[in-house]
Ligand SMILES: [Zn+2]
């Protein structure tokens with residue numbers, strides 16, 4: 001599907017969801033501020049502002065944009081709409097850090113065959129100099145293969161000349177591994193947006209996720225004590241409800257990242273809709289037990305976005321008393337906290 005068609009499709013789906021959810025909320029205050037009919041609208045899940053169909057035009061003041069979840073470079077599909085402001089801000093400050101981490105870390109850890117790109121590399125011999133992006137591949141611990149991505153024939157010729165010289169010099173900037181904190185914020189963002197894609201506006205219209213949003217929009221600040229991030233290899237992809245320990249009642253989101261030909265699973269814990277995020281992640285960072293009992297969701301094929309009946313299920317069973325008709329598998333999840 002073409003991007004504009006896809007944006008419209010997501011808008012239709014999510015605005016239908018909003019039309020069903022809206023009567024549960026008293027939005028008088030906002031409706032006075034907004035001078036257009038906001039019944040046919042969607043909310044940006046990060047800044048929580050309303051957008052109508054006008055925002056589908058990419059020429060509008062603040063357009064709605066496709067958000068791949070996980071990021072496209074990590075194998076994700078376009079799943080939700082974000083306003084352009086949130087998209088560019090979190091793309092640059094959050095997603096890029098995760099991608100850098102996944103690519104830089106193996107290289108910095110001296111993994112054989114790991115590779116990295118260095119922009120603005122300078123290669124020079126006695127009588128020639130060329131600049132550009134180079135790819136470094138680690139052949140052995142301290143032995144690299146490198147190649148210049150010569151942009152044009154002129155640079156290619158220079159590069160050939162330099163390589164034939166008796167001696168040449170190469171200057172490049174080394175990459176630092178991005179901080180674990182930023183990487184975890186990126187993983188939290190993926191889990192949060194996947195949950196929005198699954199559960200719709202009811203999920204985000206909950207002040208218990210205010211600090212999760214604040215953390216994603218202010219990645220440099222350490223707002224949440226833990227980000228509930230864990231690397232996990234055994235659980236199938238999907239959503240799980242944590243039933244034990246009680247303080248950690250929450251939603252476990254398992255997703256996969258694809259990069260450099262490998263797939264890796266991550267599990268991120270989102271606080272339960274009835275628990276305040278700031279306290280939840282604080283308790284999580286102090287939890288020494290490290291084992292969680294999980295209930296596997298049996299709502300994989302349930303549409304929580306456009307079916308009124310199912311949205312009611314979410315509200316009644318997940319949002320309120322947590323007695324959703326779940327498959328009682330009693331799975332245990334060993335949490336290896338990456339924080
Ligand atoms: Zn936004």
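Residue by residue, here is whether (1) crowded, with 17+ Cβ neighbours inside 10 Å; (2) part of a helix (DSSP H, G or I); (3) modelled with pLDDT of 90 or more; (4) more than 16 Å from the chain's Cα centre (by Cα) holds:
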{"residue": "220", "(1), (2), (3), (4)": "no, no, yes, no"}
{"residue": "224", "(1), (2), (3), (4)": "yes, no, yes, yes"}
{"residue": "247", "(1), (2), (3), (4)": "no, yes, no, yes"}
{"residue": "253", "(1), (2), (3), (4)": "yes, no, yes, no"}
{"residue": "269", "(1), (2), (3), (4)": "yes, no, yes, no"}
{"residue": "273", "(1), (2), (3), (4)": "yes, no, no, yes"}
{"residue": "281", "(1), (2), (3), (4)": "yes, yes, yes, yes"}
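Every test in (1) assigned to a loop (DSSP other than H, G, I, E, B); (2) touching a helix residue (DSSP H, G or I) at 6+ places or on another chain (Cβ under 9 Å) is passed by residue 173 save one, and that test is (2). Scanning region 265-309 for residues that are touching a helix residue (DSSP H, G or I) at 6+ places or on another chain (Cβ under 8 Å) and within 24 Å of residue 72 (Cβ to Cβ) gives 266, 268, 270, 305.
Restricting region 38-52 to residues that are part of a loop (DSSP other than H, G, I, E, B) and over 13 Å from residue 80 (Cα atoms), which is farthest from the ligand (Cβ to nearest atom)?
Checked region 38-52; the qualifying residue farthest from the ligand (Cβ to nearest atom) is 39.
Just give me the residues in region 53-91 being part of a loop (DSSP other than H, G, I, E, B), away from the ligand (no atom under 15 Å from the Cβ) and more than 15 Å from residue 4 (Cα to Cα), in sequence order. If the condition is that a residue be part of a loop (DSSP other than H, G, I, E, B), away from the ligand (no atom under 15 Å from the Cβ) and more than 15 Å from residue 4 (Cα to Cα), then 70, 71, 75, 76 are the ones that fit.
Looking only at region 92-113, which residues are at pLDDT 85 or above and outside any helix (DSSP H, G or I)? Result: 110, 111, 112, 113.
The values are calculated or read from the model by the stated rules, or taken from the named source; none is laboratory data. Since we're looking at a predicted model, the values are computed, not measured. Note that we place each Cβ from the backbone using ideal geometry, even for glycine, and neighbour counts take in every protein chain shown.
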